[in-house]
Amino acid sequence: MITVIANLKGGAGKSTVTFNLALWLLMMGQKVITYDLDPQSTLQDLARVRYEEGVTPVLIVKGLNEIHGKLNEQLAMHNGHVLIDVGSANMDGMKEAISIADRVIIPVPPSQPDIWATQRFLHIIDEATNNKTPELFAFVNRADTHIAVRESDEAEEALNMLGNLNVVRHRLCQRTSFRRSLSEGLSVFELAPRSKGAEEFYDLAQALHPELALNNII
Ligand SMILES: Nc1ncnc2c1ncn2[C@@H]1O[C@H](COP(=O)(O)OP(=O)(O)OP(=O)(O)O)[C@@H](O)[C@H]1O
Ligand SMILES: [Mg+2]
């Protein structure tokens, strides 16, 4: 299955989600390879930190310099899960990845500019995929931890109005554990297994992959 994690705006959480989801899938016994099509190479840096620190499982990340020829021909070599992290710094790569994706996961911070950007991004997805539309999933990332703050509810409502989009109701809040996860090259559940961030990520991952949910396996 080819999953693209993307959105137009920077800092939405694409690399955070790709990194943590890849490690969650590995933990669930799945075969995973990731592609970092963003020239910032965050995923590659994270994989390097893990390698230097001797952390397992090893995360396989293919960078832009390892793509030869057409992406779909290269991806056809892999079975299992292919996760692709790509941002607006590489629009051609983003459109090519979306055109062959089975699903696109869209992290959306709870702000009006992010909703507008997501709306534009959906048009780009439409243009990039003429016959086969991937399944689209969006969820709120960087939600306020304070339940009295209504922005995340409003963002979800706005996402629901955008149409052809599965709005996953499991949010990731703005938490230190997610920030530290990227700084230390550890998934949030390796870093702080009992943290609220880890709990939120498990819920999100299981909602995205109900076929792998723990209660389906036990
Ligand atoms: N839920 C969260 N809580 C706290 N910090 C977060 C959360 N999600 C992302 N961040 C932090 O925000 C920053 C941007 O996140 P990330 O790099 O995942 O976004 P991105 O969409 O990949 O950005 P870019 O467009 O620059 O590639 C990082 O420092 C990350 O640690
Ligand atoms: Mg990134």
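Where a number appears in this text, it was derived from the coordinates with a stated rule and is not lab data. What you are looking at is a predicted structure, and each value in this text was computed from that prediction instead of being measured. Heads up, the Cβs are rebuilt from the backbone with ideal geometry, glycines too, and the neighbour counts pull from every protein chain shown.
Trypsin sites (Lys or Arg not before Pro) within segment 15-65: which are DSSP loop residues with at most 12 other Cβ atoms inside 10 Å?
Those that pass, being in a loop and sparsely packed, are LYS31.
Hey, what number do you get for the chain at 222 nm if only DSSP H runs of n ≥ 4 count, each worth -39500 (n - 2.57), divided across all residues, to the nearest 500?
After summing the helix terms and dividing by residue count, I get -13000 deg cm²/dmol.
Check which residues have an amide H placed less than 5 Å from GLU135's amide H, if you skip close sequence neighbours.
Sorted by chain and number, the residues that satisfy this are ARG103, VAL104.
Averaging over all projection directions, find the projected area of the Cα convex hull of the chain and quote it in nm² with one decimal place.
Dividing the Cα hull surface by four gives the mean projection, 11.9 nm².
Please find, in a Gaussian network model of the chain (springs between Cα atoms separated by less than 10 Å), the residue of ASN65, ASN79, ASN20 whose mean-square fluctuation is greatest.
Highest fluctuation of the listed residues: ASN65.
Please state the equivalent ellipsoid semi-axes for segment 50-175: what are the square roots of 5 times the Cα gyration tensor eigenvalues, largest first, in whole Å?
In descending order the semi-axes read 29, 21, 12 Å.
Report the residue, chosen from ILE106, ILE84, ILE125, that carries the largest GNM mean-square fluctuation when the chain is represented by alpha-carbon nodes joined by springs under 10 Å.
In the Gaussian network model the winner is ILE125.
Taking neighbour Cβ counts within 10 Å as the exposure measure, how do LYS14, LYS70, LYS95 sort from fewest upward?
LYS70, LYS95, LYS14
Roughly how many nanometres apart are two label points built 7 Å out from the Cα toward the Cβ at ARG48 and ARG194?
Using points 7 Å along Cα→Cβ, the separation is 3.6 nm.
Over 20 Å between Cα atoms: which of LYS31/LYS132; LYS70/LYS95; LYS9/LYS196 fall into that group?
Checking Cα-Cα distances, LYS31/LYS132; LYS9/LYS196 exceed 20 Å.
Using label points projected 7 Å from each Cα along Cα→Cβ, tell me how many nm separate GLU184 and LYS95, to one decimal.
Placing both labels 7 Å along Cα→Cβ, they lie 4.2 nm apart.
To make sure I understand, if each residue's beta carbon is the centre and we count other beta carbons within 10 Å, what order do LEU212, LEU46 fall in, fewest to most?
Fewest-to-most Cβ neighbours within 10 Å comes out as LEU212, LEU46.
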